[in-house]
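Report on the following structure.
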Amino acid sequence: MKNSLLDTQSLLLSLSCLFLVSVAMQAQERSKSTVTVNTDLVVTWVQAITSTDKSPVKGLSIDDLTLHEEGKLQKISFVKEGQPLSVVILVDGMTCVRMPEIELQRSREALRQLGEDAEIALMAWDSDVRLVQPLTRNQQLVADQLGDRKSFFIALNGEQTGPEINVRPGRDSYRPGEAIYQATQYLAKAASPERRKVIIVITQSFLMMAKRHSHSALEVDDLLKKTGTTVYALLENNGKRSGYGGDQYNPVTMIQVARDKQRRQGGGSLEDFVALTGGSIFVSKNEVWQNLNRLIPNGEFGKEFDELFIKLTQQIRSSYTIGYYPENTNFDGQFRRFTVELSQSGKTKAGKADIKAREGYFAIRPEPVAGNVVTEKQR
């Protein structure tokens, strides 16, 4: 009887093993027949800004836009208003030397325009770059640091022990290209996937550019293109005019140095990176100082600078995400340029408006995604 019971148990155990092996083999066969999904969807963004008051145009649809890749018309697959953002705000460390309470006191209002889901980081920069606040969705924390910007100066120059302002001995002129390069690298590594990457540079309207740069303008351009990062600038009016002799305030330049020579020898200018990525530059009309000799700040400048910051963030948020499948399916890794324009219906809806967009993308096919559910891997 006892042997019979053992035989029965052995039989049941054998049948169980055979069943498990059968299930495993069936699962393996199913895995072999799993659909491998690959898509060539290209995703970019565009902004429509009215020519009159520079306000964003809202309510555009697929029929209101046209897109050409290398001069050839493409079919737009979708247009979606708004996109979650990952933002690095680069703050010029020397703007924190004076009383910062005259400006950026409405930062919470400005940051709210980016969307409550926006993740924001802070970096201090001049000739060097330092991370002050990693990416966070706590906008009040970021607003508090922008309202009292001593931490930016300290991050670059160390703790200040006395009443005098002590700038580190190694500081020299500004390197905007290096600051943008480091901010772009940080976003590429730390930002959440499927978010539009944005850099906002807060600095003076006229800077002495450093002659030495860790990365060339070409390297900065290449990284901006590969990551699809957009650069914007919010510039203080410090009363100095452009070195090119015009009446416009020049964002970043060396005194009496031609732009082409600067581009070849240095790390690139802020205005070039803004133009390359389809961003915008906002410059205050009021000067920072009411009396520079007596260091009396201009209160009207502070009010205007706050308004410009709000207007800038409103513009950033009001972008359109565009997706399309390029007719050229030979993804050879080359940079492809595209242009986005308003169609006739878009011109009727928007009136006179300027279209801002990135210049193009690198044609690199994403890695195949294995799964039973169709997914789209966006570039």
query: Structure shown: which of K189/K352; K311/K349; K75/K352; K226/K349; K211/K352; K72/K311 lie over 31 Å apart, alpha-carbon to alpha-carbon?
result: K189/K352; K226/K349; K211/K352; K72/K311
query: Can you list the residues, at least 5 places off or on another chain, whose amide H is less than 5 Å from the amide H of V201, using H built in the peptide plane?
result: L90, Y232, A233, L234
field: Extreme residue, positive dipole direction of segment 45-160, given options V88, V46, S61 (C-beta unit charges)
entry: S61
message: At 0.36 nm per residue, and after removing the present C-alpha to C-alpha distance, how many nm does the segment from K226 to K54 gain when stretched out fully?
response: 59.1 nm
- request: Roll a 1.4 Å probe over the protein heavy atoms and report the accessible area of H213 in Å², nearest 10.
  value: 40
Y232 accessible area, assembled protein chains, probe 1.4 Å, Å²: 0
statement: Counting Lys and Arg as +1 and Asp and Glu as -1 over every other residue whose Cβ sits under 10 Å from the Cβ of N328, the net charge comes to -3
query: Under a point spin-label approximation (7 Å from Cα along Cα-to-Cβ), what is the R195-T348 distance to one decimal in nm?
result: 3.9
- line: In order over segment 153-160: 3J(HN,Hα) from phi, Karplus 6.51/-1.76/1.60, θ = phi - 60°, whole Hz, x for each Gly or Pro, gives 5, 5, 4, 8, 10, x, 4, 9
query: For E341 and N286 in one chain, what is 0.36 nm times their gap in residues minus the Cα-Cα distance, to one decimal in nm?
result: 16.4 nm
task: Sticking with the crude label model, points 7 Å out along Cα→Cβ, report the distance from Y325 to D172 in nm, one decimal please.
output: 5.3
task: Would you please give the FRET efficiency between Q334 and S61, computed as 1/(1 + (r/R0)^6) with r the Cβ-Cβ distance and R0 = 35 Å, to the nearest 0.05?
output: 0.70
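Rank these residues by their accessible area, most exposed first, probe 1.4 Å: M208, M123, M94.
M208, M94, M123
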field: Rounded accessible area of R137 (nearest 10 Å², 1.4 Å probe)
entry: 130
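The values are calculated or read from the model by the stated rules, or taken from the named source; none is laboratory data. Predicted model, so just to flag it, every value in this text is computed and none were measured. Methodologically, a virtual Cβ is constructed for each residue, glycine included, from the backbone with ideal geometry; neighbour enumeration extends over all protein chains shown. Accessible surface areas use protein heavy atoms only, side chains included; no ligands, DNA or RNA. Shrake-Rupley method; radii C 1.70, N 1.55, O 1.52, S 1.80 Å.
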